[in-house]
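In what follows, a structure is listed as structure tokens, so that the remarks can point back to it.
The values are calculated or read from the model by the stated rules, or taken from the named source; none is laboratory data. Just so we're clear, the structure is a prediction, and the values are computed from it rather than from any experiment. Cβ placement follows ideal geometry from the backbone for every residue including glycine, while neighbour counts extend to all protein chains displayed.
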Amino acid sequence: MVILFNGDIMKRIIIFVMSLLIFISMPVKIMAEDKEIKVKSSILMCMNTGDIISEENAYEHMSPASVTKIVSMLIILESIESGKIGLDDMVAASENAVSKGGSQIWLEVGEQMSVNDLLKAVIIASANDACTLLGEYIAGSDSAFVDMMNSRVKELGLKDSHFENCTGLDDEITNHYSCAYDLAVIASEVMKHEIVTQYSTVWLDSLRNGETELNNTNKLVNKYNGITGLKTGTTSKAGFCLCATASRDGLNLVSVVLGADTSDDRFQKSVNLLDYGFANYKVEKFKIDESKLTNVKVKNGVVKEIKPTAGDCGEIMLPKASSEFEYEYKISSEVKAPLKAGDELGTIVVSSSGKEISTIKLASDKNVDKITFKYIFTHLLKNI
């Protein structure tokens, strides 16, 4: 039996078959997962609390390149806030500062520039000549400033850093190193100085009445939500490095990436770390119910009772899925005199999702002497 089709039906069949053949022959594009970005060392830290969220070889000694300058920046910022130097101070460029290679603002010997402009050049453009000149101005010499840097990191309790210069140039030095953890702690200290974000969040600026353009070496500025800084670094020995800081909803994070293969890798790795932190964690402040801080009796004290205080309870980092805090107040009913300010009067146990997460100390906010015959006699005389 022969089946005949009219013209319209035949056209539709031909179109359908051709469409099916085209669809089958089309290549199928499979979206593979993004390949993990390899770096030699990295860390993600909560600056609010110091908690480490993620780390990879974070204590390995590495050349930090110009990320070194966050230590220089810390000393400079502390010198400004202490009044040792002023933003309007004019500084004459030395031969030593002018001779520095790498990133620079091309200072000329004897050229006068303000501390404000020099600091701007260090933070925005990573200028080695400006950084060296500020170090000389603060400490008297380049080497004395480096001594200050090494002393400061020791004061912070950091044991895996040693610096031979203030710039991070590493082609002629052999004992200049730091690690991702130390750099994250130092960055946290830097970010306590509010003035730094006046420069670290600027994409473009200039010096010398617009004659010298400053371009921020941190490509996350103006591109990453919440970015606040901070410092890039690149040498053939160190690879591509970045210390990035960012803040969202009260959560302040710092990521450090050392030894990336490419510039893009250091930025993408930093974005991945910061994104993970903001997606999964939050910071909360403890809320103390003052009405539950009942007075504590003081036995044999010059006062009969004292109210415990919690002081500054600080903040805690938690997974975003954590439930509301639960507070258990454990306050002593009586203590014996004498008391010193800071002596414990009880605790507040804080829990979340049924798990104890912190214990807050309740303490005396003043000294309380023990009552004596001399005290009684003196008190009676005053009331005669």
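Side notes on the structure shown:
- Members of the stretch 200-240 that are among the aromatic types (Phe, Trp, Tyr) and touching an Asp or Glu at 6+ places or on another chain (Cβ under 8 Å): PHE240
- Of all residues in the stretch 352-376, those being surrounded by 13 or more Cβ atoms within 10 Å (Cβ to Cβ) and assigned to a strand (DSSP E or B) number 9.
- Listed conditions (1) in the same structural domain as GLU356 (by TED's automatic domain parsing); (2) of a type in the set (Asp, Glu); (3) within 22 Å of VAL202 (Cα to Cα) are all met by ASP312, apart from (3).
- Some residue of the stretch 177-190 being part of a helix (DSSP H, G or I), more than 15 Å from LEU230 (Cα to Cα) and of a type in the set (Ser, Thr, Tyr): yes
- Just one of the listed residues (CYS179, CYS166) is in contact with a Phe, Trp or Tyr (Cβ under 7 Å, 6 or more places away or on another chain) and farther than 29 Å from SER54 by Cβ, and it is CYS166.
- Count of residues meeting criterion [part of a strand (DSSP E or B) and over 21 Å from GLU290 (Cβ atoms)] in the stretch 335-351: 1
- Residues located in the stretch 166-185, provided they are in contact (Cβ under 8 Å) with a residue 24 or more places away in the chain and within 18 Å of ASN128 (Cβ to Cβ): CYS166, THR167, GLY168, LEU169, ASP170, ASP171, HIS176, SER178
- Residues located in the stretch 226-274, provided they are among the hydroxyl-bearing types (Ser, Thr, Tyr) and not in a strand (DSSP E or B): SER236, THR262, SER263, SER270
- Matching option when the condition is in contact (Cβ under 8 Å) with a residue 60 or more places away in the chain, out of contact with any Gly (no Cβ under 6 Å at 6 or more places or on another chain), buried (at least 21 other Cβ atoms within 10 Å of the Cβ) and among the polar types (S, T, N, Q), among THR217, THR232: THR232
- Residues located in the stretch 308-333, provided they are more than 17 Å from LEU251 (Cα to Cα) and either free of Cβ contacts under 8 Å to residues at least 24 places away in the same chain or outside any loop (DSSP other than H, G, I, E, B) (or both): THR309, ASP312, GLU326, TYR327, GLU328, TYR329, LYS330, ILE331
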